[in-house]
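Colleague: Below is a structure I'd like to ask you about.
The values are calculated or read from the model by the stated rules, or taken from the named source; none is laboratory data. Just so it is clear, the model here is predicted, and its values are computed rather than measured. All Cβ positions, glycine included, derive from the backbone under ideal geometry; neighbour counts span all protein chains shown. For accessibility, only protein heavy atoms count, side chains too; no ligands or nucleic acids. Shrake-Rupley method; radii C 1.70, N 1.55, O 1.52, S 1.80 Å.
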Amino acid sequence: GGGRGESDLEKVMGQLSVCEYAEHIGEGECRRLVEAGEAWVGPLRVNASNPLQAFVTCKGLARDVMVQGLALRNRAMHEDVVCVRRLPSASAGDEGNAGEVLRIVDCNHKTTVVGCLEPYRARHPAHQALFVPHDARVCPLLVPAATCPPSLFAPKPRGEGGEAPKPDLYCAEILGWEAGDPLPRGRLDRVLGPAGDIDAETNALLLSNGVDTSPFGKEVLACVPPDSWTIPAEEVAKRRDLRGSGVRICTIDPATAKDLDDALHIRKTPTGWEVGVHIADVSYFVSPGTPLDAEAYARATSTYLVQYCVPMLPHTLCENLCSLNPKVDRLAFSVIWQFDDDLNVSGTWFGRTVIRCCCRMDYDTAQTVIESNLQGSPVPPFAGKYRPEEGVTQGEVEGDVWMLYQISQKLRGARYRDGSVSINQVKVGFRLDDRMLPCECTEHVQKEANRLLEEVMLLANTTVA
């Protein structure tokens, strides 16, 4: 996948003996050259298949500027914003787009990288080890040998069968790259574990992509109400209260879902049907300018891995107060449509609501309802936690799912008639064993229950937009 081949590393190291870096030009000279049309500014991206080659996309140039070799890149790293100058065409093959980096305008590269250690064979600078990032676009780093395990410089023992032991994965910080250094300087942060170990590789993946896995701090948790929190009466008075109004609100999610953040309802009206989508109102708990707001902004999203989730918000919010679980009152944002008997939208309402779900379903349960109705056969009893609550019968929920399916089919047909395009990509699912290691790979199949929810959510998004 994203690892660096030995030949790439050899190519990079082979340039160091003949590589000299020029001093960067000053800010004023950079501005003068750009204004004169003799230089350009743009982001630099390194070719992962050939780490000695990089390209800079510049406004005003029809083609990217190609920077070949470490010397001409002049200590710029992947994703830095640089000032480049085009070179006179040195060969017929470069078509006049070869260039060199004159200045690093903005150090935009990642500062945290994951990789392995190797001995540094060159004599200058002394007492260094080589940190080789997994990402081939990142140059090897020089790290002090004194901070590395002594075993790095000892002969490698052979294991059973003559194989060398797997190297450890490390996390390192890029400190900078001075003109007199052949490579950027780095500092070892911590060891992640042996290569191939599921925990070590997972942590490496998260760190490489800048995903914050640290626990939430005390100041963040202080912004979160306790699990026993209930909705204040004054907040209920500000909202449309859908509890006890004859509305059966249900959720449809994957069987493994812990945070149920959207729900649906449907009911018959004198003029047709009423359909609602309800999204958990997280904004009530995240006040602007608070430590919780800053933390959510920094994390940006929850990150879902095969074996677990790295949440954007503390678990009390994600899995409890902002999860639309059955038999509990919850705050929501809702969009409610009125459909006529021909299933055309005749009216829409948006607003803040108080809701109480009566049934939690997974996709398989909803799919069974749809298939049974299509085949004219009885629906088997819902399993365990998917049984309706609050005095609602399974038959009522079955009727809701079946009618929502019919409406979703009409919405889908209209969407495609209006020119919608479907890009169906294969999704892969994994089954894990008791050690949380993948033991089976399956293709995720999109079924009618998935499409039902998809169509109603698309209608909600387009209506709001």
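Colleague: Return yes when THR251 is loosely packed, with under 10 Cβ neighbours inside 10 Å and among the polar types (S, T, N, Q) and no when it is not.
Modeller: It is false that THR251 is loosely packed, with under 10 Cβ neighbours inside 10 Å and among the polar types (S, T, N, Q).
Colleague: Another question, then. Which of (1) open to solvent by 10 Å² or more (accessible area, probe 1.4 Å); (2) touching a helix residue (DSSP H, G or I) at 6+ places or on another chain (Cβ under 9 Å) does GLY69 not meet, given it meets every other one?
Modeller: Here GLY69 clears every test but (1).
Colleague: So SER228 fits all but one of (1) over 30 Å from ARG137 (Cβ atoms); (2) touching a strand residue (DSSP E or B) at 6+ places or on another chain (Cβ under 6 Å); what number is the exception?
Modeller: Only one criterion is unmet by SER228, namely (2).
Colleague: Taking interchain pairs and intrachain pairs at least six residues apart, which have beta carbon atoms under 6 angstrom, with the first residue in the range 321-344 and without any contact (Cβ under 8 Å) to a residue 60 or more places away in the chain and more than 14 Å from ILE407 (Cα to Cα) and the second assigned to a loop (DSSP other than H, G, I, E, B) and among the acidic types (Asp, Glu)?
Modeller: PHE333/ASP281
Colleague: Something else now. Please return the ranges of strands (runs of 3 or more DSSP E) entirely within the range 328-400 where 2 or more residues are surrounded by 20 or more Cβ atoms within 10 Å (Cβ to Cβ), small (Gly, Ala, Ser) and in contact with a Phe, Trp or Tyr (Cβ under 9 Å, 6 or more places away or on another chain).
Modeller: On the way: elements: 329-340, 345-356, 359-362.
Output list is empty.
Colleague: Among PRO144, PRO165, PRO150, which is the only one that is free of Cβ contacts under 8 Å to residues at least 60 places away in the same chain, closer than 28 Å to ASP433 by Cα, out of contact with any Phe, Trp or Tyr (no Cβ under 6 Å at 6 or more places or on another chain) and not small (Gly, Ala, Ser)? Walk me through it before giving the result.
Modeller: Working: PRO144 fails: closer than 28 Å to ASP433 by Cα; PRO150 fails: closer than 28 Å to ASP433 by Cα.
Just one listed residue meets the conditions, PRO165.
Colleague: Here's something else I'd like to know. Name the residue, out of HIS278, HIS265, that is touching a residue at least 60 places away in the same chain (Cβ under 8 Å), assigned to a strand (DSSP E or B), out of contact with any Lys or Arg (no Cβ under 8 Å at 6 or more places or on another chain) and open to solvent by less than 60 Å² (accessible area, probe 1.4 Å). Write out each step before concluding.
Modeller: On the way: HIS265 fails: out of contact with any Lys or Arg (no Cβ under 8 Å at 6 or more places or on another chain).
The conditions single out HIS278.
Colleague: Which of the residues spanning the range 281-303 are outside any helix (DSSP H, G or I), open to solvent by 70 Å² or more (accessible area, probe 1.4 Å) and more than 27 Å from VAL335 (Cα to Cα)?
Modeller: The one that is outside any helix (DSSP H, G or I), open to solvent by 70 Å² or more (accessible area, probe 1.4 Å) and more than 27 Å from VAL335 (Cα to Cα): GLY289.
Colleague: Being among the hydrophobic types (A, V, I, L, M, F, W, C), within 24 Å of GLY180 (Cα to Cα) and not in a helix (DSSP H, G or I): is that true of VAL41 here?
Modeller: It is false that VAL41 is among the hydrophobic types (A, V, I, L, M, F, W, C), within 24 Å of GLY180 (Cα to Cα) and not in a helix (DSSP H, G or I).
Let's see how each residue does on (1) among the aromatic types (Phe, Trp, Tyr); (2) closer than 19 Å to VAL277 by Cα; (3) free of Cβ contacts under 8 Å to residues at least 60 places away in the same chain:
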{"position": "CYS359", "(1), (2), (3)": "no, yes, no"}
{"position": "ALA366", "(1), (2), (3)": "no, yes, no"}
{"position": "GLY395", "(1), (2), (3)": "no, no, yes"}
{"position": "GLY399", "(1), (2), (3)": "no, yes, yes"}
{"position": "MET403", "(1), (2), (3)": "no, yes, no"}
{"position": "GLN406", "(1), (2), (3)": "no, yes, no"}
{"position": "GLN409", "(1), (2), (3)": "no, yes, yes"}
{"position": "GLY413", "(1), (2), (3)": "no, no, yes"}
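Colleague: A further question follows. Of all the residues that make up the range 438-461, how many are modelled with pLDDT under 85 and in contact with a helix residue (DSSP H, G or I) (Cβ under 7 Å, 6 or more places away or on another chain)?
Modeller: Of the residues in the range 438-461, 0 are modelled with pLDDT under 85 and in contact with a helix residue (DSSP H, G or I) (Cβ under 7 Å, 6 or more places away or on another chain).
Colleague: Tell me which residues, restricted to the range 36-66, are touching a helix residue (DSSP H, G or I) at 6+ places or on another chain (Cβ under 8 Å), surrounded by fewer than 21 Cβ atoms within 10 Å (Cβ to Cβ) and among the aliphatic types (A, V, I, L, M).
Modeller: Listed by number, the residues that qualify are VAL41, LEU52.
Colleague: Filter the range 401-419 for residues that are within 20 Å of CYS357 (Cβ to Cβ) and open to solvent by 50 Å² or more (accessible area, probe 1.4 Å) and give the result.
Modeller: Selection gives TRP402 alone.
Colleague: Given the options ALA200, ALA154, ALA164, name the one that is open to solvent by less than 30 Å² (accessible area, probe 1.4 Å) and either more than 19 Å from THR111 (Cα to Cα) or at pLDDT 85 or above (or both).
Modeller: ALA200
Colleague: So, in the range 444-457, of the ones that are in a helix (DSSP H, G or I) and in contact with a Lys or Arg (Cβ under 7 Å, 6 or more places away or on another chain), which residue ends up most open to solvent (accessible area, probe 1.4 Å)?
Modeller: Among those that are in a helix (DSSP H, G or I) and in contact with a Lys or Arg (Cβ under 7 Å, 6 or more places away or on another chain), it is ARG451.
Colleague: If we keep just the residues of the range 420-437 that are open to solvent by 80 Å² or more (accessible area, probe 1.4 Å) and in contact with a helix residue (DSSP H, G or I) (Cβ under 9 Å, 6 or more places away or on another chain), which is nearest to GLU201 (Cα to Cα)?
Modeller: Looking at residues that are open to solvent by 80 Å² or more (accessible area, probe 1.4 Å) and in contact with a helix residue (DSSP H, G or I) (Cβ under 9 Å, 6 or more places away or on another chain), I get MET436.
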